């Protein structure tokens, strides 16, 4: 799915526009990383892109359809949101949690049927957590829960998933598991927008990187050309150095 | 602990309340042979007119009312726990019960006619929820705002209720109000039932139909909206239908605590949090519990025990057992 966001602005209070003018476009099978300091509006941007917050100005189009014209259910069949991890209250099983992704395909009083269950089985298998399907969603690890939420997005049938800091609080192994699943799913044509505080992850996993600074995307492009000491300095207001390994891999370190 | 199957067969859901229903018709201060109970119920020859009147005109409406009240309080409790994402919430959270209790007490200070008492309960239950919704609209209608609004409006109506009791005649009106507030189904007549049966029937059907979608509301508002749920509309509909069901119950039975808190927990411990099963099982367990407790209330002692007292006596230890189970599951108690 192709997502086109043009001159998007959003404000919680009239006095302060948290997003002033965001323009960002990415296409089928691409992963865009949105980097920005705390409070720069990354989560707000994802919520605007998912249609939950009507923009103050500008617009978002999914495959050419204006997001604000789409009824909630149609919108939810096209684009999914994976929010930041939180502790769930009730002990739904992984399968029951993923099944909730079928909601946009069902009427108000309708209950999921056998084709919905088939879609859920397929989604759970696609992220490799088939063995966890009957476990309470409260008793699996953070990384596994993140995979379950991705599976919910797949069950939704969405062409694009917006993920809010999907690897926050995860150990390096689980961080990689989650991002490797995301990468694998692009093969099926899924697009992703991922907010992150890990510019190294953008180097590893992104097709496109956008730096959100003072309410607009001031720098964007392929990670290797846009992730520079200058762009990192502008985003985080501190000095970094980028070191290059023998094989051509790069890593970002804070400058001491 | 006995390991229950998580998928109770349908016949269990029907049979348990049906058995409770039959037992409650049979037992009472006035002994009736159980065979006669069935003969009366199925219109067969044999039992005397006194038995017939006792069962059909005294016990039957009362047992039906108990079933409706139990199912209403439990289903609304289970739905509200999900809607407000808080397992400690019960059907009283939005101040509706306090409003209804005030309305009934207000009516009782002028008349003891049951239709006026019911009208008072409905009117002020709706007034209470109206005020809560006004607070909600002013402050953004989130679940938290509704809960805080409900607590405030509930407290307001409790104060009004205190005022009514303070000015009530301590020799005649005050005991009537106090006894009524303890909760009970004594004196239930057929004429009380049409409204309760209609509201309960429609309300329970609404929640049964909506039951799977209630799962989505236990997620955050953001997640539910991202899944295409029109959250405000659905939440307002649940609150409105729930309010009517609580009003119908309080209007007839007074304020009966604990059922709306404990029954959903028992049901959740049995079938898990999926509202697809939780709602029907809560209805079944709630109806059964109140039918049986009401039978105890009118049988155990020479005079009636107020139902609200019995639910408390049973509800508190039941809740402690469930809470201990919960802590053990989390490894925080032994």
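The values are calculated or read from the model by the stated rules, or taken from the named source; none is laboratory data. Note that the structure is a prediction, hence the values are computed from the model and not measured. Every residue, glycine among them, receives a Cβ derived from its backbone with ideal geometry; neighbour counts consider all protein chains shown.
For the range A:185-201, the criterion of being in a helix (DSSP H, G or I) and out of contact with any strand residue (DSSP E or B) (no Cβ under 9 Å at 6 or more places or on another chain) is met by none of the residues.
Taking the conditions (1) farther than 20 Å from residue A:35 by Cα; (2) out of contact with any strand residue (DSSP E or B) (no Cβ under 9 Å at 6 or more places or on another chain); (3) touching a residue at least 60 places away in the same chain (Cβ under 8 Å) in turn, residue A:152 satisfies each one other than (2).
Here is a yes/no grid of residues against (1) closer than 14 Å to residue B:70 by Cβ; (2) free of Cβ contacts under 8 Å to residues at least 40 places away in the same chain:
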site: B:226; (1), (2): no, yes
site: B:229; (1), (2): no, yes
site: B:244; (1), (2): no, no
site: B:249; (1), (2): yes, no
site: B:261; (1), (2): yes, no
site: B:269; (1), (2): no, no
site: B:272; (1), (2): no, no
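Could you check, for the range B:225-247, whether at least one of its residues is in contact with a helix residue (DSSP H, G or I) (Cβ under 7 Å, 6 or more places away or on another chain), on the phi > 0 side of the Ramachandran plot and within 12 Å of chain A (Cβ to nearest Cβ)? Within the range B:225-247 (the criterion being in contact with a helix residue (DSSP H, G or I) (Cβ under 7 Å, 6 or more places away or on another chain), on the phi > 0 side of the Ramachandran plot and within 12 Å of chain A (Cβ to nearest Cβ)), the answer is yes, since at least one residue qualifies.
Checked against the criterion of being within 14 Å of another protein chain (Cβ to nearest Cβ), in contact (Cβ under 8 Å) with a residue 60 or more places away in the chain, within 30 Å of residue B:269 (Cβ to Cβ) and in a helix (DSSP H, G or I), the range A:155-176 has no qualifying residue.
Flag not set for residue B:215, criterion: at pLDDT 95 or above and either more than 14 Å from chain A (Cβ to nearest Cβ) or more than 30 Å from residue A:81 (Cβ to Cβ) (or both).
Applying a threshold of 6 Å to beta carbon distances and a minimum spacing of six or more residues, or different chains, the list of pairs starting in the range A:236-250 at a residue that is in contact (Cβ under 8 Å) with a residue 40 or more places away in the chain and ending at one that is exposed (fewer than 10 other Cβ atoms within 10 Å of the Cβ) and part of a strand (DSSP E or B) reads A:250/A:244. Just checking, how many residues over the range B:187-205 are more than 16 Å from the chain's Cα centre (by Cα) and under 19 Å from residue B:241 (Cβ atoms)? So the answer is 1. Applying the set (1) on the phi < 0 side of the Ramachandran plot; (2) touching a residue at least 12 places away in the same chain (Cβ under 8 Å); (3) not in a helix (DSSP H, G or I) to residue B:85 leaves exactly one unmet item: (1). Taken as a whole, the structure leaves residue B:280 outside the set of residues that are outside any helix (DSSP H, G or I) and within 14 Å of another protein chain (Cβ to nearest Cβ).
Just one of the listed residues (B:24, B:53, B:78) is in contact (Cβ under 8 Å) with a residue 24 or more places away in the chain and farther than 15 Å from residue B:279 by Cα, namely B:24. Among the residues of the range B:300-320, those that are closer than 28 Å to residue B:15 by Cβ and surrounded by fewer than 15 Cβ atoms within 10 Å (Cβ to Cβ) comprise B:300, B:313, B:317.
With a requirement of 2 or more residues that are within 12 Å of chain B (Cβ to nearest Cβ) and in contact (Cβ under 8 Å) with a residue 60 or more places away in the chain, the helices (runs of 4 or more DSSP H) lying completely within the range A:44-128 that satisfy it span A:72-78.
From the list B:71, B:127, exactly one residue is surrounded by fewer than 24 Cβ atoms within 10 Å (Cβ to Cβ), more than 14 Å from every other protein chain (Cβ to nearest Cβ) and modelled with pLDDT of 95 or more. Which is it?
B:127 is the lone residue from the list that is surrounded by fewer than 24 Cβ atoms within 10 Å (Cβ to Cβ), more than 14 Å from every other protein chain (Cβ to nearest Cβ) and modelled with pLDDT of 95 or more.
Restricting attention to the range A:31-43, the residues being away from chain B (no Cβ under 14 Å) and closer than 20 Å to residue A:159 by Cα number 4.
Restricting the range A:1-39 to residues that are in contact with a helix residue (DSSP H, G or I) (Cβ under 8 Å, 6 or more places away or on another chain) and assigned to a loop (DSSP other than H, G, I, E, B) leaves a set whose member that is farthest from residue A:233 (Cα to Cα) is A:1. One residue stands out in the range A:137-154 among those that are at the interface with another protein chain (Cβ under 10 Å from one of its Cβ atoms) and closer than 24 Å to residue A:106 by Cα: the one that is surrounded by the fewest Cβ atoms within 10 Å (Cβ to Cβ), namely A:137.
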